[in-house]
1. Going 7 Å from the Cα of L230 toward and past its Cβ, which residues in the range 22-44 have a backbone nitrogen under 17 Å from where you end up?
2. Mind grabbing the base-10 log of I(q)/I(0) for the range 228-365 at q = 0.17, 0.21, 0.22 Å⁻¹? Debye formula, identical points on the C-alpha positions, no solvent, two decimal places.
3. I'd like the FRET efficiency for D117 and A28, computed as 1/(1 + (r/R0)^6) with the beta carbon distance as r and R0 of 22 Å, rounded to 0.05.
4. Among C313, C337, rank each residue by its count of other Cβ atoms within 10 Å, from fewest to most, as a rough exposure measure.
5. Determine, from the Cβ-Cβ distance of L241 and T56 and an R0 of 25 Å, the FRET efficiency 1/(1 + (r/R0)^6), rounded to the nearest 0.05.
6. Find which of V268, Q232, F280 sits farthest along the positive direction of the dipole of the range 228-365, computed with +1 on the beta-carbon of Lys and Arg, -1 on that of Asp and Glu, about the Cα centre.
7. For the pairs K281/K365; K21/K41; K21/K95; K85/K181; K35/K111, note any where the Cα-Cα span goes beyond 21 Å.
8. What distance in nm separates the simple spin-label points at A263 and N190, each placed 7 Å from Cα in the Cβ direction?
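Every number here is computed from the coordinates shown, using simple stated rules; none is lab data. This structure is a prediction, so every number in the text was calculated from the model and none was measured. Cβ placement follows ideal geometry from the backbone for every residue including glycine, while neighbour counts extend to all protein chains displayed.
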Amino acid sequence: MKDHHKDNFKQYAEPFFWWYKADQLLAASDVMLAKWISAYKDWFSGINHSGRVKLTEKQKRAHRFIHIQHVFLFLVGLAFENILKGIIIVRDPSKVLEGKLHRDLTGPHTKLSRWFDEAEIELNISEKNLVERLGENVQWAGRYPISTKAEEMTLRPVPGKGFTTPGNFIHGDQDLIEAIKLRLIDVINNDPKLPRYKQLEQNGDKDNSSTCIMERKMEEKNGEHPYGDLGQLIFLGLFLLVWVADSFFLHLSTFLSAFIPLAIRLIVLGCALGTAVYLFKSGHVVVSHGERPTGVVSTGAFRYVRHPLYLGCILFYLGLAVSTASILALALWVMICIFYNYLAGYEERLLEIKFGEEYRQYQHKTGKWIPGVGGA
């Protein structure tokens with residue numbers, strides 16, 4: 001029995017032990033977040049314009065899940081802690097001695113931010129704020145580690161403000177969490193101090209490698225926004241509905257067609273659609289031919305702009321709106337431009353994390369939307 005426990009203790013020195021635990025915690029956090037979003041919508045659906053709440057049975061059931069956002073943050077915080085433990089242990093095996101973590105990395109004094117510092121992972125201001133709240137939820141929402149003092153198990157005292165609960169889940173946290181996940185993947189995959197992982201991957205033992213943590217999510221999304229495709233379909237349907245209704249039936253905002261000759265509008269339409277077809281064809285050939293690129297793509301339409309496929313969509317919508325001089329369609333086109341600019345910014349953050357300096361050099365020499373203009 002004693003030897004059995006010794007074998008179990010050896011797991012603490014294995015990074016995959018911590019990374020496998022992190023994978024489970026992240027899977028549980030995904031379920032928790034989905035449940036919280038559903039409960040939040042159900043609960044607030046009963047608020048009317050007067051501010052009064054009429055609770056349905058569904059809302060009463062949802063009420064008990066309103067505050068599980070803290071459990072979500074607790075799980076994500078613990079997952080990050082375990083990922084960082086694995087990284088630190090590989091870099092410095094002395095952090096585990098006889099099946100125990102070094103005391104400097106354990107105990108109630110250890111904050112999540114310290115794990116990031118120990119792993120030499122830099123965070124920006126927004127990420128530091130998130131990590132601070134994740135750490136609060138690990139220690140307070142989860143009551144972990146359990147304190148020896150009963151008063152420390154109550155809500156946190158705040159000078160001049162009474163007591164407060166741990167930091168809440170706020171707008172933008174989901175993107176920040178995803179960005180930190182991808183950065184941790186990048187460290188595991190590319191850090192020269194982690195040779196054991198690279199050896200496992202070379203031997204084809206991918207299922208037991210560190211990619212079990214989060215890289216599957218990256219592969220599923222291919223570096224794209226999780227709701228990007230859905231958003232594009234919604235805008236496509238909405239635009240076609242508004243454009244057709246206004247241009248051919250209602251004529252609510254097409255009065256400019258009397259002042260702009262049809263020939264000019266058709267020329268604009270032809271130029272826009274012709275350019276869009278080139279961008280679609282060139283962009284899709286590059287990114288869809290065979291396997292997905294493993295490096296930064298700078299050929300074809302990507303030589304001129306960083307997001308040719310999105311630009312093709314923007315020009316397609318613009319050509320249709322101008323062809324009938326529909327102001328309503330043009331107003332919606334502006335919203336579509338904002339949407340695509342947001343998608344492009346989100347994906348560029350992921351690509352910069354994945355490809356590092358190579359992608360930053362590509363950004364510097366290639367315009368975002370206009371060739372030669374707006375290189376980052």
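1. 30-42
2. Scattering profile of the range 228-365, log10 relative to I(0): -0.96, -1.25, -1.33.
3. Numbers: r = 26 Å, r/R0 = 1.20.
It comes to 0.25.
4. Numbers: C313 21, C337 16.
Fewest-to-most ranking of C313, C337: C337, C313.
5. On the way: r = 32 Å, r/R0 = 1.28.
Efficiency, from the Cβ-Cβ distance: 0.20.
6. It is V268.
7. Values: K281/K365 23 Å; K21/K41 31 Å; K21/K95 18 Å; K85/K181 14 Å; K35/K111 28 Å.
Exceeds cut-off: K281/K365; K21/K41; K35/K111.
8. Once both label points are built, they end up 5.5 nm from each other.
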